[in-house]
């Protein structure tokens with residue numbers, strides 16, 4: 001089984017450890033919880049849920065009547081939620097305690113920057129400025145997420161762990177903003193000749 005597929009199933013299993021949820025609810029929770037460091041598309045969630053159910057790690061059950069009543073006006077289709085089983089909790093604990101695997105990231109900005117000598121410096125500077133604006137927006141999202149967690153989950157024993165993952169994002173965000181400043185300073189210091197000619201050379205193996 002592929003590492004990505006395995007980890008995706010445990011990401012969903014971990015979310016279900018908090019409470020039973022439908023596939024749609026899982027997708028919404030992913031957006032503001034783990035979505036900044038682990039992306040799950042809507043199309044991945046239901047296959048993962050089916051695999052978890054087949055393995056006995058979650059169970060599919062009818063949506064609670066109170067929730068059904070609130071949604072009657074929008075849909076008549078029967079709705080179901082998924083709940084983690086005891087077997088699922090044991091599997092989740094085993095996975096969390098197992099050694100992690102770092103995956104090679106794919107960063108198109110760095111790829112473009114690596115070949116930046118092929119375009120005017122102004123073009124590369126513009127790319128970095130786009131990245132800076134993205135980081136500033138992310139900074140706002142992190143602040144809002146922290147406020148939401150403290151307001152809505154203040155008594156949850158998992159809160160310190162959620163805040164630790166959030167702090168990782170906040171520190172990474174600050175580092176990226178500092179990198180933007182340093183990268184722009186480097187571009188501004190380049191001599192005119194190096195701005196016009198690429199120094200990339202082919203390396204034979």
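Read-outs: derived from the displayed coordinates by stated rules, not from any lab. Predicted, not measured: the structure shown is a model, and the values here were computed from it. Positions of Cβ are generated from backbone atoms using ideal geometry, with glycine treated the same way; all protein chains shown enter the neighbour counts.
Placing a pseudo-label 7 Å from each Cα along the Cα-to-Cβ vector at residue 55 and residue 171 gives an inter-label distance of 3.1 nm.
When the scattering of the range 108-192 is computed by the Debye formula from its Cα atoms alone, each counted once and equally, what is log10 I(q)/I(0) at q = 0.20 Å⁻¹? Evaluating at q = 0.20 Å⁻¹ gives log10 I(q)/I(0) of -0.89. Once the Cα-Cα distance is subtracted from the 0.36 nm per residue extended length, the residue 143 to residue 41 segment shows a gain of 34.3 nm. Taking 0.36 nm per residue of separation and subtracting the current Cα-Cα distance, fully stretching the chain between residue 129 and residue 19 would add 35.5 nm.
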